[in-house]
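To keep things clear, I will list the structure first and then write my remarks on it.
Any read-out appearing in this document is the output of simple, stated calculations on the displayed coordinates, not a laboratory observation. Remember, it's a predicted structure, so these values are computed and weren't measured experimentally. Neighbour counts run over all protein chains shown; Cβ positions are idealised from the backbone, glycine included.
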Amino acid sequence: MKKKFLSAFVATMMTMVFLCGCGGAATAGEADNGGEASKETLIVGTNAAFPPFEYVGDDGKPDGFDIALIKAIGEEIGVEVQIQDMEFDSLVSSIGNKIDVAIAGMTVTEERQQMVDFSDPYYEAVQAVIIPKGAAIATADDLKNKKIGVQLGTTGEFIADEIEGAEVSAYNKAVDAVNDLNNGRVDLVIVDKNPAEVFGAQFSDKVDVVAGENFDFEPENYAIALPKGDEDLAVKINTALKKFKDNGTYDSLVKQYIEE
Ligand code: GLN
C-alpha cells in the first residue's frame, strides 16, 4: 500500500517536472526541435509600434532596427531569437516570466533598474514634440497648460507628468496619440525623436516635429532590458554589442533602418 502510494507520488512528481521543463519561458530553454544540436531559445519582448526601431513589416512580422539587432546578437551568441509583440508598459514586468529579455527602444531609467538590469546602451535618443502644423509651440513655456498625448509607461509620459498644468492622455500606441492630435483631442504629442520623425513624415500635411533640445529635454539611452542578476547573459550580449560597434555591423543597421 505504502509502496503503491510512493510510486504514484513519484510518477506525479515526474509528470510535473516534465511539464514544467517543457512549458517554461522564464529562462532561455531548449528549442523543441528534437535534434541534439537544437539551440536555446531567447524569448524577446518588444512593442512593434515604434518605428524605425520596431514595427510590423509587410509580411506581418516584427521588423526594425531593434529586431535586426537582437537577431544578429542571437546569431552571435548562439541562441534562437523568438520575438513576442506585447504592450510596452508590460515589458519590464514580463522579464523572467513571459519573456527572457526586452528590446523596445527602451530608455534606461532608475525606476526600471529597480526591476531589471540593462545591457550597455546602444543608442542615444531624446524626446521630441509633435505639434499641429504651424502651431506656436517652440519653447518649454509653450508646453504648459496643454493637453498632451503620450505613449503609456514611456519616458514621454514621465516628462509630460512634470509639466505645469498639463492634462496628459496616455495611449497604448504612440500613433494613436498622433491620431488624436490630428483630431484636435490633444494639443501636442511627446514621443521619442525617431518615431516622431516617422510620424511627422507620415502626416506631413498635418503636423510639425520640434526637436527636444528646444524644450531642454535630457538625452536618453536605449538598452536591452535583462533579467536582474543574469551576469552571464549580460556579458554575452554586451560582448556581441561591442563587436558589432567595432566591425561595422551596428553602423550598417543604422544606415539600413534609421538613416534610410
Ligand atoms: N524610450 C521610451 C521609453 O523607454 C519609449 C519607448 C517605446 O515607446 N517603445 O520609455
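Descriptive notes on the structure:
- On the beta carbon distance between S204 and D251, with R0 = 30 Å, the FRET formula returns roughly 0.60.
- Long pairs among K39/K193; K61/K242; K146/K193; K98/K144; K61/K146, criterion Cα-Cα beyond 29 Å: K39/K193; K98/K144; K61/K146
- Sorting the segments 145-151, 109-115 by their residues' average number of neighbouring beta-carbon atoms within 10 angstrom, most packed first, yields 145-151, 109-115.
- Gained length - M86 relative to N221, 0.36 nm times residue gap less alpha-carbon distance: 46.5 nm
- Per-residue ellipticity at 222 nm from helix content only, as computed over the chain with -39500 (n - 2.57) for each DSSP H run of at least four residues, stands at -10500 deg cm²/dmol.
- Summarising the strand pairing of the stretch 113-260, around 65 percent of its internal DSSP beta bridges are antiparallel.
- Principal-axis tilt of helix 231-247 within the chain, Cα atoms, nearest 10 degrees: 50 degrees
- Principal axis extents of the Cα atoms in the stretch 152-229, from largest to smallest and rounded to whole angstrom, are 47, 29, 26.
- Segment T109-I258, length gained on full extension (0.36 nm per residue, minus Cα span): 51.3 nm
- Förster radius 30 Å - calculated FRET efficiency between D232 and D58 (Cβ-Cβ, nearest 0.05): 0.25
- Distance between the stretch 98-176 and the stretch 234-260 - C-alpha centres, whole angstrom: 25 Å
- 0 to 90° range, to nearest 10: angle between helix 65-77 axis and the chain longest Cα axis: 30 degrees
- Simple spin-label estimate for D120 and N214 in nanometres, 7 Å along Cα-Cβ: 3.5 nm
- Rounded, prolate or oblate (a/c below 1.5 giving rounded, otherwise prolate when a/b exceeds b/c) for the stretch 109-260 by Cα gyration tensor: prolate
- Its Cα gyration tensor gives the chain an equivalent ellipsoid, and the semi-axes of that ellipsoid, as √(5λ) in whole Å with the largest first, are 41, 21, 16.
- Gaussian network model of the chain, Cα within-10 Å springs - most flexible of T107, T249, T155: T249
- When the stretch 66-110 is reduced to its Cα atoms, the Kirkwood hydrodynamic radius in Å: 11.5 Å
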